[in-house]
Amino acid sequence: MPLPEGVFRIKKPTGKVYFYHQTGRHLAKALRGPLTRIPYEPREAEFWKFCEALNGRSTAPKKGTFKAIIELYKASQKWAGFSPKTQNVYDYYLGLIEKAWGDQAADDLTLTAISAARDALAATAPVSANLLIRVLRAMCAWAIGDGYMTRNPARDAPQVETEVETTEPWPEAVWIAVVKHGPTDLSRLAYLGRATGQRVGDLVKFWPAMRRGDGLDIKISKLRGKKHFIALSPNHLAEIDGWKVGEMTPYLTKPDGKRHNEASIRYRLRTWLADNAPEHIRGAEVSPHGLRALACCDARLAGRTHQEISALFGMSIQMVERYTKHIDQEALARKARSGMD
């Protein structure tokens, strides 16, 4: 007689047989449910009622569903080999995948369903739409290799076209409005991005433990974790220290207190500007990267050379020149006009 789902038998050397129940027994040990001994035998009616109750409250994902495969993926060696930054990005998009198709058999997902999800996301976030496809495709490829899927439904899903992120600085009115009227996380994003000139992927990792003397000890992810010291002005330090953030708590957190990642803070800014920003800046097309350009322009207007700005923010001189080309062109035009006058 077949045993109920999750039930197995163990025979001791003495010949005594015991029955146990455990959900997700096929998963890695850390992902299995609690081990419960069944105090009855199959010949007793109470045995079946007891097992029925255990399975009724079971939360283990059904084998072959996206929810089960995502759990296996996060417990795999493949996942362990990812950098913390990659894990954060993947974790965000795997959450979207689980929300959309968690209880669906992975092999049954259609290209039509994937395209619909991609297009819905691309309407406001084309870069995120492409990342969704990439993460889904990568996970399915891994699942096929380990025998959890037989086909990759995302293999032929095309990505959407995206524009190269602008290097133009934020308009001053937009920056002021976000700092003064934006929610706490976006206000701090605008201030911290302009003060430090760093990429948004690094800004979400900044916390008070990095404070040293008159600045911050950081690591630049784009440069493979290269250490860099950012000197800040007394006004910058007073503002940042005034946020009263716990020593090991990121400066930028979601309203519920959870950590932001690069994708979530971008989405937060984009949706706030579209729906809740003050009327005079509503719909403004700016990205966190524009704060990096704004920081460079500030330094250039203060009389710093390209070499000095490069040293200050830990970026190449070529990048500094890209960010400040409008400022330099205006300065050259004014100089030319002055000479003519």
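The values are calculated or read from the model by the stated rules, or taken from the named source; none is laboratory data. All of these numbers come straight from a predicted model, not from anything done at the bench. Virtual Cβ from ideal backbone geometry, glycine too; neighbours counted across all protein chains shown. Accessible surface areas use protein heavy atoms only, side chains included; no ligands, DNA or RNA. Shrake-Rupley method; radii C 1.70, N 1.55, O 1.52, S 1.80 Å.
Taking 0.36 nm per residue of separation and subtracting the current Cα-Cα distance, fully stretching the chain between residue 151 and residue 115 would add 11.3 nm.
For the range 159-285, rounded, prolate or oblate, judged on the Cα gyration tensor with a ≥ b ≥ c (square roots of eigenvalues), a/c < 1.5 rounded, else prolate if a/b > b/c?
Working: a/c = 1.63, a/b = 1.34, b/c = 1.22.
In terms of gyration-tensor shape, prolate.
Full extension of the chain between residue 179 and residue 63 gives 37.0 nm of extra length, using 0.36 nm per residue less the Cα-Cα distance. Candidates 149, 21, 206 compared by Cα position along the dipole of the chain: farthest toward the positive end lies 21, with charges placed on Cβ. Residues 325, 29, sorted by accessible area with the largest first, give 29, 325 [1.4 Å probe; ligands and nucleic acids excluded].
Measuring nothing but how far apart in sequence close Cα pairs (under 8 Å, 6+ apart) lie, relative to its length, the range 185-274 scores a relative contact order of 35 percent. Under the simplified labelling scheme, the residue 307-residue 214 pair shows an inter-label distance of 2.1 nm, with each label point 7 Å from Cα along Cα→Cβ.
Rolling a 1.4 Å probe across the protein heavy atoms gives the chain an accessible surface of 57 Å² per residue. Please label the shape of the chain as rounded, prolate or oblate, based on the square roots a ≥ b ≥ c of the eigenvalues of the alpha-carbon gyration tensor (a/c under 1.5 means rounded; beyond that, a/b larger than b/c means prolate, else oblate). Prolate is the answer for the chain, as a/c is 1.5 or above and a/b outweighs b/c.
Take 174, 286 and sort them by solvent-accessible surface of the protein heavy atoms, 1.4 Å probe, largest at the top.
Values: 174 10, 286 35 Å².
From most accessible down to least: 286, 174.
Multiplying the sequence separation of residue 25 and residue 45 by 0.36 nm and subtracting their Cα-Cα distance, what value in nm do you get? Don't skip to the answer; put the middle values down first.
Working: separation 20, 0.36 × 20 = 7.20 nm, distance 2.45 nm.
Net length gain for the segment: 4.8 nm.
Among the GluC sites (Glu not before Pro) in the range 157-233, those located in a DSSP loop and surrounded by at most 13 other Cβ atoms within 10 Å of their own Cβ are 161, 163, 165.
If R0 is 51 Å, what FRET efficiency do you get for residue 10 and residue 254 from their C-beta distance, rounded to 0.05?
0.65
A simple charge model with +1 on the Cβ of Lys and Arg, -1 on the Cβ of Asp and Glu and nothing else charged puts the dipole of the range 168-232 at about 380 debye relative to its Cα centre. If a/c stays under 1.5 just call it rounded; otherwise compare a/b with b/c (prolate if a/b is bigger, oblate if not). Do that for the range 84-143, with a ≥ b ≥ c from the square roots of the Cα gyration tensor eigenvalues. Note, shape of the range 84-143 comes out oblate.
Screening the chain for whole DSSP H helices of 27 Å or more along their axis (Cα) with average Kyte-Doolittle hydropathy at least 1.0 returns 126-145.
Mean separation of Cα pairs under 8 Å and 6+ residues apart, divided by the residue count of the chain: what relative contact order is that in percent? Mind dumping the intermediate values first?
Details: 409 pairs, mean separation 42.4, N = 341.
Over the chain, the number comes to 12 percent.
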